[in-house]
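Notes to accompany the following structure.
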Amino acid sequence: MVQAADCPCGSGRPYADCCAPYHEGLAAPTPETLMRSRYAAFVLAKVDYLLATWHPSTRPAELVLDARLRWLGLEVRHSRGGDSEGEVEFVARCKLNGKAGRLHEVSRFVCEEGRWYYVAGVMQEGKSRRR
């Protein structure tokens, strides 16, 4: 069971030692770290962080999160990253209006000037909610 101080990204580490430093401005060192910190930002409704880590070429003008959506867990299935590009396959479980759902996606990332950015994702199966 996840304790209150555990990071929402599922690392098993305290939030303060895991995703909090990235939410406070530290650059994520890998695509997986950025993806985990973005998941935690969705859980914690950190819209400014989500927009700041979204590549300008695909970033929406605004992001409105559905307050009824509860994120329940994250499973990283595959991660790879080079010097300038990377991808992460993951499954994120959620619940909306009492109905369970999941987002299975392969997300693409790019690194520019020492910072990783989320570019886009491709759904992997069934009906999933858009990030």
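Every number in this text was worked out from the coordinates using simple rules, so none of it is lab data. What you are looking at is a predicted structure, and each value in this text was computed from that prediction instead of being measured. As a convention, Cβ positions derive from the backbone with ideal geometry for all residues, glycine included, and neighbour counts pool all protein chains shown.
Looking at the range 11-105, the DSSP beta bridges with both ends there are about 100 percent antiparallel. The ellipsoid that matches the Cα gyration tensor of the range 15-123 has semi-axes, each √(5λ) in whole angstrom, of 21, 16, 14, with the longest given first. The share of Cα pairs per 5 Å bin across the range 1-51, counted from zero up to the longest distance, runs 5, 24, 35, 26, 8, 2, 0 percent. In this structure the amide hydrogen of Asp6, modeled in the peptide plane, comes within under 5 Å of the amide hydrogens of Tyr15, none closer than 5 places in sequence on its chain. Only DSSP H runs of four or more residues enter the estimate; each adds -39500 (n - 2.57), and after division by the residues of the chain the mean residue ellipticity at 222 nm equals -4500 deg cm²/dmol. Counting beta carbons within 10 Å around each of Asp17, Asp83 and listing the fewest first gives the order Asp83, Asp17.
The label point for Arg77 and the one for Glu125, both projected 7 Å from the Cα toward the Cβ, are 0.6 nm apart.
Multiplying the residue separation of Leu51 and Ala27 by 0.36 nm and subtracting their alpha-carbon distance yields 7.2 nm. In this structure the amide hydrogen of Ala120, modeled in the peptide plane, comes within under 5 Å of the amide hydrogens of Arg108, none closer than 5 places in sequence on its chain.
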